[in-house]
Structure formats: structure tokens, C-alpha cells
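A short worksheet on the structure shown next.
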Amino acid sequence: MSGFLDGIRCGDCECNVDWGEKRNTIASIAAGVLFFTGWWIIIDAAIMYPREDQFHHAYHTCGVIATIAFLMINAVSNGQVRGDSYSEGCMGQTGARVWLFIGFMLAFGSLIASMWILFGGFVVASKETVYPGIAVFFQNAFIFFGGLVFKFGRTEDLWQ
């Protein structure tokens, strides 16, 4: 998956664009758009349903945890996890792996919690509108996939 932009051709035109050189830029923009879309959806739901009985304000916690997980996952490089470029510090490679594991646990946990909010708080409860639950789920899904694109869509070969 790390080289999926390397073989892209621009059709039959003679404009040989090297997408491998622009890989980090494309992945960063795509991850930013996904992250922005997630927060835009939840802001829309919070504005459309401002009362506490329509949309409980504690449901924003999932998005905050997903954002923290996004930052945790992308705070360590793949070289640090493999042990190639990082050996100092209080825990070294093991610390980077534990940090990444906790970040993924938070990301999956917030995604699962958003599903629970959608189904437990809106679908099963037979509320008159389900949109706030859908917004919470899509916010967390977009942030989760944005974190994955930002982590695994970029390459560290271009940094050296």
C-alpha cells in the first residue's frame, strides 16, 4: 500500500508527472480534507440541534478522543516504530510502539463509541431525528480514516 501512487500514469499525454514525488503532498491534503469534513459534520449537527434533549453535548467527547488519537498515531514515524532512527529516550523503540498502540486503541475506541451513540442513543431510542447520531459516527469515521491516510499514505524516503 505504501507505493500505490508510484505507478499512476497521466493517460496518453506527454506530461510525465512524477506522482511519487508528490505523494506526501497528496496524502497530507487528503488527510486534511477528511479531518476537516469530520469536524464540519459535527459542527453542523451541533448548530442544527442546539438543545440538550436533541443532541447531548457529551457526544463531542468521541470526536475529541479521535483527534487526540489522530495526533498520537502520527506523532511517531515508521522508522521510530521499526527502531531504524530512534534508540534514545526513556523507552526507545518500545516506547514508540506502546505510544502507537495506545493511539490506535483510542482511535478504534472512539469509532466504536460513536457507533454505540448512533444505535443506542438514536436508533433504538426511536428519536424523531437520527441525524445527530449519524453525524457523530461520520465525524469519527472521517477522523479515523484521515489518520490512516496521513500515517500510511506518506513515505519517509522523501524526508532524507
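Against the condition within 25 Å of Gly103 (Cβ to Cβ) and buried (at least 16 other Cβ atoms within 10 Å of the Cβ), how does Phe35 come out, does it pass? Answer is yes for this residue.
Checked against (1) out of contact with any Ser or Thr (no Cβ under 6 Å at 6 or more places or on another chain); (2) at pLDDT 95 or above, Phe142 passes all but condition (1).
In segment 85-115, of all residues being assigned to a loop (DSSP other than H, G, I, E, B) and touching a helix residue (DSSP H, G or I) at 6+ places or on another chain (Cβ under 8 Å), the one that is modelled with the highest pLDDT corresponds to Met91. Scanning segment 106-160 for residues that are surrounded by fewer than 16 Cβ atoms within 10 Å (Cβ to Cβ) and of a type in the set (D, E, K, R) returns Lys127, Glu128, Glu156, Asp157. Scanning segment 45-65 for residues being in contact (Cβ under 8 Å) with a residue 12 or more places away in the chain and farther than 24 Å from Gly109 by Cβ gives a total of 3.
The values are calculated or read from the model by the stated rules, or taken from the named source; none is laboratory data. Since the model is a prediction, treat every value here as computed from it, not as a measurement. When we count neighbours, we look across all protein chains shown, and the Cβ atoms used for this are built from the backbone with ideal geometry, even at glycine.
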